[in-house]
Amino acid sequence: MLFKRYGNPLKLLSTFSMRNLADFIFYLFEQENEEQLWEVWLAKDVEQSFGDFKKDNAVHIRTKTIRGNDDEVVAEQLAFASKLVKPKKRPQ
């Protein structure tokens, strides 16, 4: 799938962080799914518009989340991690 759009996908994938890489891969799956839906819509005698057909049959992998300020996200993650691991006290 990546070779269809990009000559060297490893070079492209190395530019993403781990958090963004998963989102990018899900995006590629959604694009591939949309192309397959387009081909099916063209091949079948469907009376719906493509937009309606896509809305009824598309599979959405990615979830749309709104992230807060980076400081808020870090504080939230630290609070969650501190529930799992008790931090060691620093020697004075």
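Looking at 39, 32, 72 in this structure, which one is open to solvent by less than 80 Å² (accessible area, probe 1.4 Å), among the charged types (D, E, K, R), assigned to a helix (DSSP H, G or I) and modelled with pLDDT of 75 or more?
Numbers: 39 fails: open to solvent by less than 80 Å² (accessible area, probe 1.4 Å); 72 fails: open to solvent by less than 80 Å² (accessible area, probe 1.4 Å).
So the residue among 39, 32, 72 that is open to solvent by less than 80 Å² (accessible area, probe 1.4 Å), among the charged types (D, E, K, R), assigned to a helix (DSSP H, G or I) and modelled with pLDDT of 75 or more is 32.
Report, by residue number, each residue of segment 42-56 that is open to solvent by 70 Å² or more (accessible area, probe 1.4 Å) and within 29 Å of residue 20 (Cα to Cα).
Correct list: 55, 56.
What tally of residues in segment 12-26 results from selecting those that are over 8 Å from the mean Cα position of the chain (by Cα) and either surrounded by 13 or more Cβ atoms within 10 Å (Cβ to Cβ) or among the polar types (S, T, N, Q) (or both)?
Our first condition is that a residue be over 8 Å from the mean Cα position of the chain (by Cα); within segment 12-26, this holds for 12-19.
Now narrow it down to the ones that are either surrounded by 13 or more Cβ atoms within 10 Å (Cβ to Cβ) or among the polar types (S, T, N, Q) (or both): 12-17.
Qualifying residue count for the region: 6.
The values are calculated or read from the model by the stated rules, or taken from the named source; none is laboratory data. Predicted model, so just to flag it, every value in this text is computed and none were measured. Heads up, the Cβs are rebuilt from the backbone with ideal geometry, glycines too, and the neighbour counts pull from every protein chain shown. The area values use the complete protein model at the heavy-atom level, side chains included, leaving out ligands, DNA and RNA. Shrake-Rupley method; radii C 1.70, N 1.55, O 1.52, S 1.80 Å.
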